[in-house]
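Peer 1: Handing you a structure now.
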Amino acid sequence: MEVKAITRYVRQSAFKARAVTRDIQGLPAQKALTLLEFYPQKAARFVWKTLKSAIANAENNHSLNPDMLVVKEATVGEAPTIKRFRPRARGSASPIAKRTCHIRVIVEERAEEPVSKKKKAADGRKKARRVKKPAADSGKATEAKE
């Protein structure tokens, strides 16, 4: 079951916030929370709050286990831009665009323990490896010894 949380009108550029949300998609929810705590970006705080809200919604409204939740989707959309003007030389003015965004996080419950991307890649590499067979000795090698 999918559970979502939306934070609207965040005073942060959508472009800057998308960089944070890209990193948490597909991660277990608890791991994504700890990852966001150590991000230096301002947007990480808002994404963290939204993810925390989505987990609380899943737990309280739908009785889902918070340890089994995975971030299915984390998106950032643009919101209305606040327009201001800054005075410039010789009586002119230049526009200032104060951008805002909407952050949406969707979590879902997975039946089994989610496998991280690194582990999947490692499993794939192990299956693809082949054991190299030693080259068959040609008659030349034995002739050279004699």
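The values are calculated or read from the model by the stated rules, or taken from the named source; none is laboratory data. Fair warning: this is a prediction, and the values are worked out from it, not measured in the lab. Cβ placement follows ideal geometry from the backbone for every residue including glycine, while neighbour counts extend to all protein chains displayed.
Peer 1: Please enumerate the residues belonging to segment 91-120 that are under 25 Å from residue 75 (Cβ atoms), out of contact with any Lys or Arg (no Cβ under 7 Å at 6 or more places or on another chain) and either at pLDDT below 95 or in a strand (DSSP E or B) (or both).
Peer 2: If the condition is that a residue be under 25 Å from residue 75 (Cβ atoms), out of contact with any Lys or Arg (no Cβ under 7 Å at 6 or more places or on another chain) and either at pLDDT below 95 or in a strand (DSSP E or B) (or both), then 101, 103, 109, 110, 111, 114, 115, 116, 117, 118, 120 are the ones that fit.
Peer 1: List every residue pair whose Cβ atoms lie under 6 Å apart, where the two residues are 6 or more positions apart in sequence or sit on different chains, the first residue falls within segment 10-26 and is without any contact (Cβ under 8 Å) to a residue 12 or more places away in the chain and crowded, with 16+ Cβ neighbours inside 10 Å, and the second residue, located anywhere, is among the small types (Gly, Ala, Ser) and part of a helix (DSSP H, G or I).
Peer 2: Note: no pairs meet the criteria.
Peer 1: Can I ask one more? Among the residues of segment 6-52, count how many are of a type outside the set (A, V, I, L, M, F, W, C) and within 13 Å of the chain's Cα centre (by Cα).
Peer 2: As a first pass, look at segment 6-52 and keep what is of a type outside the set (A, V, I, L, M, F, W, C): 7-9, 11-13, 16, 18, 21-23, 25-26, 28, 30-31, 34, 37, 39-42, 45, 49-50, 52.
In the following step, the residues that additionally are within 13 Å of the chain's Cα centre (by Cα) were identified as 18, 21-23, 25-26, 28, 30-31, 34, 39.
Result for segment 6-52: 11.
Peer 1: I'd like the full set of residues that are more than 22 Å from the chain's Cα centre (by Cα) and surrounded by 11 or more Cβ atoms within 10 Å (Cβ to Cβ), limited to segment 61-79.
Peer 2: 62, the sole residue that qualifies.
Peer 1: Limited to segment 21-50, what total is found for residues that are under 12 Å from residue 74 (Cβ atoms) and either outside any helix (DSSP H, G or I) or of a type in the set (Asp, Glu) (or both)?
Peer 2: Looking only at that region, the number is 4.
Peer 1: Filter segment 56-70 for residues that are in contact with a strand residue (DSSP E or B) (Cβ under 6 Å, 6 or more places away or on another chain) and of a type in the set (A, V, I, L, M, F, W, C); which is farthest from residue 110 (Cα to Cα)?
Peer 2: 58
Peer 1: Could you pull out the residue among 93, 44 that is surrounded by 16 or more Cβ atoms within 10 Å (Cβ to Cβ) and free of Cβ contacts under 8 Å to residues at least 40 places away in the same chain? Break it down into steps so the answer makes sense when it comes.
Peer 2: On the way: 93 fails: surrounded by 16 or more Cβ atoms within 10 Å (Cβ to Cβ).
The unique qualifying residue is 44.
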